[in-house]
Amino acid sequence: MTTIASSQDLHAELMAPEAMKRVLALHAVEVEADKATATAVAKAFNDFAARGIPFYSPQDPHYQEWVGKAVGYWEQLHGGAKAPRRAAAKRHA
């Protein structure tokens, strides 16, 4: 079973080109949400996850937003435990 150690790990797994990595990562968070007490966050995440993974397109803003929401729920389930963010790559105009 996949274990997600940080929000950064979850982000990387949900952005992975291999579909199975994305499925296992989402499932790992579902398992954690099920173990949590019946909190509003756990219910909200389960409702979010029940809709499934959208079409994979890492450049699509909608997919990136979906990944951000999943990571946000993970952080809430872990009491706001955020991993240090990596520096954003420079964009060339």
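Here the Debye sum runs over all C-alpha atoms of the stretch 1-72 as equal scatterers in vacuum, and log10 of I(q)/I(0) at q = 0.20 Å⁻¹ comes out as -0.80.
In debye, nearest 20, what is the charge dipole magnitude of the stretch 10-66 about its Cα centre with +1 on Lys and Arg Cβ and -1 on Asp and Glu Cβ, if you could check?
Working: 5 positive and 8 negative charges, 17 e Å.
Dipole size: approximately 80 debye.
With R₀ fixed at 22 Å, the C-beta to C-beta distance from Asp34 to Gln8 puts the FRET efficiency at about 0.45.
No value in this document is a laboratory result; all are computed from the given coordinates. A quick note: this is a predicted structure, and the numbers were derived from the prediction, not measured. We place every Cβ from the backbone using ideal geometry, glycine too, and count neighbours over all the protein chains shown.
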